[in-house]
Amino acid sequence: MHILHISFECYPIAKVGGLADVVGALPKYQQKLDHKSSVILPYYENKFRQSAEFKEIGNGNVQIGDTTYQFSILQLDKPDVGFDIYTVYIEGLLDREEVYNHFDDTERFLAFQLSVLNWLNVQEEVPDIIHCHDHHTGLIPFLISHASPYTRLKDIVTIFTIHNAQYQGHISYDKLHYLPDFDKSKIGLIDWDNQINPLATGIKCAWQVTTVSPNYMQELQKNANGLESLLSHEQKKCIGVLNGIDVETWDPDSDSMLIKNYTETSYISGKKENKKWLCEEFDLNPDLPLFSFIGRLVGEKGADLLPEIIGETLDRYEVNILILGSGDPRVEHELEILKEKYKGKYNTYIGYNEELSHKIYAGSDFLLMPSRVEPCGLNQMYALRYGTIPIVRRTGGLKDTVIDIGDNGFGFCHDNAMVWDVCYSIKRATDLYDDQKRFKGIQKQIMKIDHSWASSAKQYINIYSTLITQK
């Protein structure tokens, strides 16, 4: 089976969030199941590009309104990620460093999707499966089925995965002429609330729709930013497939980013050395429990609660808190000004640092995830793999992957994204930390939990196979 994943992110080339980690791992595990799986994404003139070599394997033109762009398809030369990676290069449009938040993102998203289809349209061999990820690729299932230039591709099975329904890619109808010629009787398939809605289009037109956890699929029936009725209507073709993690990249025994590697038998000394480094680097006390937060400093992640959580916690308990992330400037500022007040017990790194994140997973005792929205969440799985106990709100994939210690589980769960709930969970965690025998036992237990992509990759292959037999 030949699978092509289409995405705007893929680790290690371009990463903003969990989308990149998923697209950077799932194809590798599908390859291990003896299927040909590859990824195509935009070209980025970033740090990765400066150390990588690409070769051109195709080119063509794409029309966006009155503008004609020339595109090139560049293949990553000698990839060491376990699968083939292709990028779409358009000078001045798809050759930037930053992934999102450009004034012309609508044009960028459309040019990318149309370039991919124009390239596929002239290939002798086309994929059996096109797997689209999030709204940036949501128009592809519609275009394959109903746009006249792509009639040759209409029998390809399309899968659409919703990684985060908060972002839908709305396009006003004054840009309808950006799309290639299509059957206008089908215009309702791209419409939602009097706008072109790529996320809604993907849901309507793909052969199968998946979300990144079973619980998130259930939540979207009740809260999907206006798409609740659509998802309820399409529920027969919707399924939640829990994301996995790449256990080769995220392996405390071989992770080259750690100060000291460790296994289930050497985790006590290994975590101690990584914690010691973190505490020295950020002026913290290694004798106190270390609570960390890693992620975007935005409302979805509950990051706006962090300043008050930090104050309430450090005024009451003898603990360390370390924050790694960036996002809302107001939250960044509030977190920064707390450093002086709680010097020696609190610190922060504003920005994105992949290497530091690995060290934090390894050296922390507890990971905070007070998320309002968490479709799947990978951070809690990384934490478990590294023997760090997660403290989570019961939402999305966090509910699927973390069982409260009070329910014979291994983490700390709360129901509300509120300061009091998080602080109470922190208090429970400090009580566990004081019982070192039980604390270390849970650390050892959670390192054995298997959240690899192996089972999820098989589930996707089964979905693909079923759809192919129904053609």
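The values are calculated or read from the model by the stated rules, or taken from the named source; none is laboratory data. Note that this is a predicted model, so its numbers are computed, not measured. Positions of Cβ are backbone-derived with ideal geometry, glycine not excepted, and every protein chain shown enters the neighbour counts.
Of the candidates Pro27, Pro42, the single residue that is closer than 16 Å to Thr137 by Cβ, surrounded by 13 or more Cβ atoms within 10 Å (Cβ to Cβ), touching a helix residue (DSSP H, G or I) at 6+ places or on another chain (Cβ under 6 Å) and not hydrophobic (A, V, I, L, M, F, W, C) is Pro42.
Within region 114-164, which residues are closer than 23 Å to Gly244 by Cβ, of a type outside the set (A, V, I, L, M) and not in a helix (DSSP H, G or I)? Residues satisfying the conditions are Pro127, Asp128, His131, Cys132, His133, Asp134, Thr158, Phe160, Thr161, His163, Asn164. Taking region 365-380 as the range and being under 15 Å from Phe412 (Cα atoms) and in contact with a His (Cβ under 7 Å, 6 or more places away or on another chain) as the test, no residue passes.
Just a yes or no: is a residue in region 173-195 over 23 Å from Leu139 (Cα atoms) and hydrophobic (A, V, I, L, M, F, W, C)? Scanning region 173-195, I find no residue that is over 23 Å from Leu139 (Cα atoms) and hydrophobic (A, V, I, L, M, F, W, C), so the answer is no. Checking every residue in region 327-338 against the condition of being under 20 Å from the mean Cα position of the chain (by Cα) and within 25 Å of Glu264 (Cβ to Cβ) gives zero matches. Residues in region 144-172 that are under 21 Å from Asn225 (Cβ atoms), among the small types (Gly, Ala, Ser) and free of Cβ contacts under 8 Å to residues at least 40 places away in the same chain: Ser172 only. Regarding region 4-22, can at least one residue be identified that is in contact with a Gly (Cβ under 6 Å, 6 or more places away or on another chain) and either surrounded by 17 or more Cβ atoms within 10 Å (Cβ to Cβ) or of a type in the set (Val, Ile, Thr) (or both)? Within region 4-22, one or more residues are in contact with a Gly (Cβ under 6 Å, 6 or more places away or on another chain) and either surrounded by 17 or more Cβ atoms within 10 Å (Cβ to Cβ) or of a type in the set (Val, Ile, Thr) (or both). Counting the residues of region 287-300 that are touching an Asp or Glu at 6+ places or on another chain (Cβ under 8 Å) and within 22 Å of Glu355 (Cα to Cα) gives 5.
If you go through region 339-353 and keep only what is at positive phi and over 24 Å from the mean Cα position of the chain (by Cα), you end up with just Gly344. Exactly one residue out of Tyr178, Tyr173, Tyr167 is closer than 30 Å to Asn215 by Cβ, among the hydroxyl-bearing types (Ser, Thr, Tyr) and surrounded by fewer than 20 Cβ atoms within 10 Å (Cβ to Cβ), and it is Tyr167. Just one of the listed residues (Ser371, Ser452) is in contact with a strand residue (DSSP E or B) (Cβ under 9 Å, 6 or more places away or on another chain) and modelled with pLDDT under 95, namely Ser452.
With respect to the conditions (1) closer than 26 Å to Asp95 by Cα; (2) crowded, with 23+ Cβ neighbours inside 10 Å; (3) more than 21 Å from the chain's Cα centre (by Cα), Gly138 falls short on a single one, namely (3). Within region 337-346, is there a residue that is out of contact with any strand residue (DSSP E or B) (no Cβ under 6 Å at 6 or more places or on another chain), in the same structural domain as Glu280 (by TED's automatic domain parsing), closer than 27 Å to Asp255 by Cβ and surrounded by 18 or more Cβ atoms within 10 Å (Cβ to Cβ)? Among the residues of region 337-346, not one is out of contact with any strand residue (DSSP E or B) (no Cβ under 6 Å at 6 or more places or on another chain), in the same structural domain as Glu280 (by TED's automatic domain parsing), closer than 27 Å to Asp255 by Cβ and surrounded by 18 or more Cβ atoms within 10 Å (Cβ to Cβ), which makes the answer no.
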